[in-house]
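Only one structure is covered here, and it is reproduced in the block below.
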Amino acid sequence: MNEKPENLLAVDERPAVTAYNPNGKSPFLLIADHAGNVMPRTLCRLGLAEAECERHIAWDIGIGGLGQLLADALDATLIQQNYSRLVIDCNRPLVTPTSIPEISEQTQVPGNVSLSEANRAARVREIFWPYHERIEDELNRRQQAGRTAVLISLHSFTPVFMGVARPWHVAVLYNRNRRFGKRLMALLNAEKEFTVGNNVPYTVSDETDYTIPVHAERRGLHHVLIEIRQDLIAGENGQRAWGTLLARLLPQTYQELAAAEALGSA
């Protein structure tokens, strides 16, 4: 089932990347690597049952809706990737096995086994690069216009992974530069309502991540990766609640950081 036509996406299929509120005035650039669970028709759902394609293994549940609500509240641009992470994970370096996973959690992905080079190349060419080129274009446009860019990478995580319950409501992830992340974490903890993960249940690294290392760290941008537990944002009410919270805390975090930098104490 893995020998496919050279072109992955038909002309009438959804584009790989969508920019929501592209003329937003906020310095925040919202990024959603796993916002969608769309499957290219030619891949026949990768041999998976439809129910599997609705699970957390296929996408970051709730992040697309949350991202748009947050973009509206902040007047920010959201760039989101629309295809399932099982087709190609746009937050993984292309050289890693999890870029196109043969197994996710405990689920085998038949359509990813023994891929031809042409099949792999089509996914990279038609989904991975258009998405990251759109982010790059937006950051270049802001740089040329002298506009500040603060990159906020939005993700969600499953409440139970490999049979183990996860206690965190939200997590703040970072790699080399934790200045924005540590201030946001302090504000989240100050709400006294949440168990906040500090680089758990995941971390950011050059080996496991693409978006933060490439688009934020290489440019020296302020940034953070936010993970929200999926059961908290699976519905619109939860998405609105978390969108309202982040729309308040993200500007506050940035203002505190800017003030500290002005005093030389960031």
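Numerical summary
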| item | result |
| --- | --- |
| Accessible surface of Glu50 - all protein chains present, 1.4 Å probe, nearest 10 Å² | 110 Å² |
| Rounded to the nearest 20 debye, dipole of the chain from Cβ charges on Lys, Arg, Asp, Glu | 660 debye |
| Heavy-atom accessible area ranking, 1.4 Å probe, most first, across Asp75, Asp209 | Asp75, Asp209 |
| Summed residue charge, Cβ within 13 Å of Leu232's Cβ, Lys/Arg positive, Asp/Glu negative | -2 |
| Set of the stretch 22-46 residues, backbone N closer than 16 Å to the point 7 Å along the Cα-Cβ line of Asn177 | 27-31 |
| Within-13-Å neighbourhood charge of Ile127 [Cβ basis; K, R +1; D, E -1] | +2 |
| Positive-end extreme of charge dipole, the chain - chosen from Tyr254, Thr98, Gly181 (charges on Cβ) | Tyr254 |
| Heavy atoms of Thr203 accessible to a 1.4 Å probe, total area in Å² rounded to 10 | 80 Å² |
| Value in Å of the Kirkwood radius, where the chain supplies the Cα pairs that are averaged | 19.0 Å |
| The stretch 27-77 - percent of accessible surface contributed by carbon and sulfur, probe 1.4 Å | 53 percent |
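The values are calculated or read from the model by the stated rules, or taken from the named source; none is laboratory data. Bear in mind the structure is a predicted one, so any value in this text is a computation, not a measurement. All Cβ positions, glycine included, derive from the backbone under ideal geometry; neighbour counts span all protein chains shown. All accessible areas refer to the heavy atoms of the entire protein, side chains included, with ligands and DNA or RNA removed. Shrake-Rupley method; radii C 1.70, N 1.55, O 1.52, S 1.80 Å.
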